[in-house]
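For reference, the structure is listed below as C-alpha cells.
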C-alpha cells in the first residue's frame with residue numbers, strides 16, 4: 001500500500017531524543033559537545049531553525065528584544081550570518097520558547113566562558129570553511145541519533161526532521177508568513193517579503209508548541225553543561 005514520505009519526527013521519536021538529552025554523557029566528551037547534545041535538539045524542536053543555525057549560536061545572540069510597542073522585553077535568539085552560514089543570508093530574531101527558559105537555557109548561555117556556545121574556537125584544527133566547527137557539531141548529533149538512539153529511518157534526516165516537525169505542528173495554527181519569518185523559509189511571493197515578525201508575534205507562535213515533559217525527570221540546567 002503506497003504511503004506518503006515521512007520527513008518529520010513522530011511524537012514518540014521526538015520524545016525519545018529529547019529525553020535522551022537529559023542523560024549523562026558517557027566517555028571522554030568535551031563540555032561543548034555535552035552542551036550541544038543537551039540543548040541543540042531542544043532549540044531545534046522549539047524554533048524550527050536549521051541545525052547549523054543553532055550550533056553556531058554565540059552568547060551575544062541570546063538577548064532581550066523590545067516588542068513593537070516597546071512595552072515588553074522578550075528573550076530571543078538572533079540567527080545571523082555574522083555567526084556563520086544562514087541560507088538566505090538574512091538575520092532574524094526567534095523568540096525562545098518558555099519551556100527552554102524554564103529548563104535554564106538562559107543561565108547556560110550566560111555562564112558560557114566562550115563566545116560560541118556549542119564549540120570551542122580554540123580547538124579548531126584547520127579544515128575547510130565549507131565544513132566549520134559548527135557543522136561538525138551537528139554531524140556528531142546526527143551520528144548520535146542514528147547510532148545510539150537507533151532512529152535509522154532513511155526518510156528521516158536526524159537534524160532536519162525537527163524543522164519539518166515544527167512546521168507540521170504549526171501549519172494550521174500560524175499564518176504561513178509568520179512561520180516563514182520564524183524558521184527562515186523563503187517567502188512564497190514578493191509581497192510576503194514585506195513586514196517583520198515582531199518578537200511578541202514569534203513568542204505567541206512558538207508557545208503554541210506544547211512543552212515536551214517527562215515524568216520524574218529533572219530538566220533544569222546542570223553545571224556540567226557549561227563550556228569552559
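Numbers below:
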{"item": "log10 of Debye I(q)/I(0), alpha-carbon scatterers only, for the range 11-211 at 0.11, 0.16, 0.18, 0.19 Å⁻¹", "result": "-0.50, -1.09, -1.39, -1.54"}
{"item": "Contour minus Cα-Cα distance for residue 217 and residue 90 (0.36 nm per residue)", "result": "41.9 nm"}
{"item": "Cβ-derived FRET efficiency at R0 30 Å, residue 28 paired with residue 67, nearest 0.05", "result": "0.10"}
{"item": "Efficiency of FRET between residue 204 and residue 115 - r from beta-carbon atoms, R0 30 angstrom, step 0.05", "result": "0.50"}
{"item": "Potential extension, residue 164-residue 60 segment - 0.36 nm per residue separation minus Cα distance", "result": "34.7 nm"}
{"item": "Inter-site label distance for residue 171 and residue 82 at 7 Å from Cα along Cβ, in nm", "result": "3.6 nm"}
{"item": "Antiparallel bridge percentage (DSSP; both residues within the range 11-211; nearest 5)", "result": "100 percent"}
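Since every read-out is calculated from the coordinates, none of them should be taken as a lab result. Quantities reported herein were computed from a predicted structural model and do not represent experimental measurements. Cβ sites come from the backbone with ideal geometry, for glycine too, and all protein chains shown count toward neighbours.
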